[in-house]
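Notes follow once the structure below has been shown.
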Amino acid sequence: MSLFKRSATELVGTFWLVLGGCGSAVLAAAFPDVGIGLLGVSLAFGLTVLTMAFAIGHISGCHLNPAVSLGLVVGGRFPAKELPAYIIAQVIGGVIAAALLYFIASGKPGFDLAGGLASNGYGEHSPGGYSMVSGFVCELVMTAMFILIILGATDKRAPAGLAPIAIGLGLTLIHLISIPVTNTSVNPARSTGPALIVGGWAIQQLWMFWVAPLLGAVIGGITYRWLGKEDT
C-alpha cells in the first residue's frame, strides 16, 4: 500500500475519532434529560478507535494520533521516514472534523463557541480547574500508558485479533481518568482541530497538548521496548 493511500486512511480515521469523540462531548454530553455525561464521552472516544482499528488497521495501522505514530517509531514498529506524512494527515483530519462539528453545533439556537468545542485546557480552562503542572503530568503519563497498551496489544506474542478491543478500552479508561483534568487530549491532532476553530486561549494552551503527549509517547515507546525485549 502506498504511503499516500495509508496517509489518506489516517486522515479519514482521525476525522472519525475527532468527530465521534468531540462530537459526543459537544452535542450529547449534556443533552437535556438524556445526556451521556463523562462516561458516555469516554466510551465514545474508545469506540472511535475500536471501530477504526477494525476498519482500517489492516491498511494504515490505525494510528489516528501523532503521539501514537511517534511512540511506534520509538518502539521500533514504524519507519521514522513516514512519520511526517502520517502526522500531517492526522492533523488535517482533526481540523476537518472540528470544522464540521462547529457547522453542525452552530445550527442550534443559542450555540456559543465560548463553550470551547471540546477543546483541551488547563487552569481556568480545565473542566476541574486543574493547574498547568497537573495537566502536563496527567497528559504525559496517560499517553505513555496508552503507548504501552498499544505496543503490548499489537505484539506478535499477544493474543491475535484482540488488539482493537484492548486499545479502545484503554482509551476509554484514559478519558474516565483525565477528562476532569484537561478534557483529555493524549492526541495532538485531536487537540489542534478544536483549538483552531475556537482560537484565543485554546491556541495559547495548545503547546501543552503537543509537548506532553509527544514526550509521553517517547517514554512509553522506550519503556515497552525494554520491557518487551526477551532476555537472552
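The values are calculated or read from the model by the stated rules, or taken from the named source; none is laboratory data. Small disclaimer: the values here were computed from a predicted structure and weren't measured. Here the Cβ is made from the backbone with ideal geometry for all residues, glycine too, and neighbour counts use every protein chain on show. We work out accessible area using only protein heavy atoms, side chains counted, and drop any ligands, DNA or RNA first. Shrake-Rupley method; radii C 1.70, N 1.55, O 1.52, S 1.80 Å.
Would a scan of the stretch 222-230 turn up a residue that is surrounded by 21 or more Cβ atoms within 10 Å (Cβ to Cβ) and either within 16 Å of the chain's Cα centre (by Cα) or in a helix (DSSP H, G or I) (or both)? There is at least one residue in the stretch 222-230 that is surrounded by 21 or more Cβ atoms within 10 Å (Cβ to Cβ) and either within 16 Å of the chain's Cα centre (by Cα) or in a helix (DSSP H, G or I) (or both).
Looking only at the stretch 134-158, residues that are assigned to a loop (DSSP other than H, G, I, E, B) and open to solvent by less than 40 Å² (accessible area, probe 1.4 Å) come to 2 in all. I'm trying to understand the selection: among the residues of the stretch 61-70, which are open to solvent by less than 10 Å² (accessible area, probe 1.4 Å) and not in a loop (DSSP other than H, G, I, E, B)? Of everything in the stretch 61-70, those that are open to solvent by less than 10 Å² (accessible area, probe 1.4 Å) and not in a loop (DSSP other than H, G, I, E, B) turn out to be Pro66, Ala67, Val68, Ser69. Of the residues that make up the stretch 83-99, is at least one of a type in the set (Gly, Ala, Ser) and in a loop (DSSP other than H, G, I, E, B)? No, because not a single residue in the stretch 83-99 is of a type in the set (Gly, Ala, Ser) and in a loop (DSSP other than H, G, I, E, B). Condition check for Leu176 on (1) aliphatic (A, V, I, L, M); (2) open to solvent by 50 Å² or more (accessible area, probe 1.4 Å); (3) more than 14 Å from the chain's Cα centre (by Cα): one failure, at (3). Annotation note: Cβ proximity below 6 Å between a residue of the stretch 162-187 that is over 19 Å from Val26 (Cα atoms) and a residue that is of a type in the set (Phe, Trp, Tyr) and surrounded by fewer than 24 Cβ atoms within 10 Å (Cβ to Cβ) (sequence gap 6+ or interchain) occurs for Pro164/Phe54. Residues in the stretch 179-204 that are over 10 Å from Ala118 (Cβ atoms), open to solvent by less than 20 Å² (accessible area, probe 1.4 Å) and of a type in the set (S, T, N, Q): Thr182, Ser185, Asn187, Thr192.
Pairing residues of the stretch 1-16 that are at pLDDT below 95 with residues that are open to solvent by less than 60 Å² (accessible area, probe 1.4 Å) and part of a helix (DSSP H, G or I), at Cβ distances under 7 Å and at least 6 apart in sequence or on separate chains, gives Met1/Ile59. Count of the stretch 1-27 residues, restricted to those that are more than 17 Å from Pro180 (Cα to Cα) and open to solvent by 30 Å² or more (accessible area, probe 1.4 Å), is 13. Considering the stretch 105-133 alone, what residues qualify as being under 15 Å from Ala28 (Cβ atoms), touching a helix residue (DSSP H, G or I) at 6+ places or on another chain (Cβ under 7 Å) and outside any loop (DSSP other than H, G, I, E, B)? Scanning the stretch 105-133 gives a single hit, Ala105.
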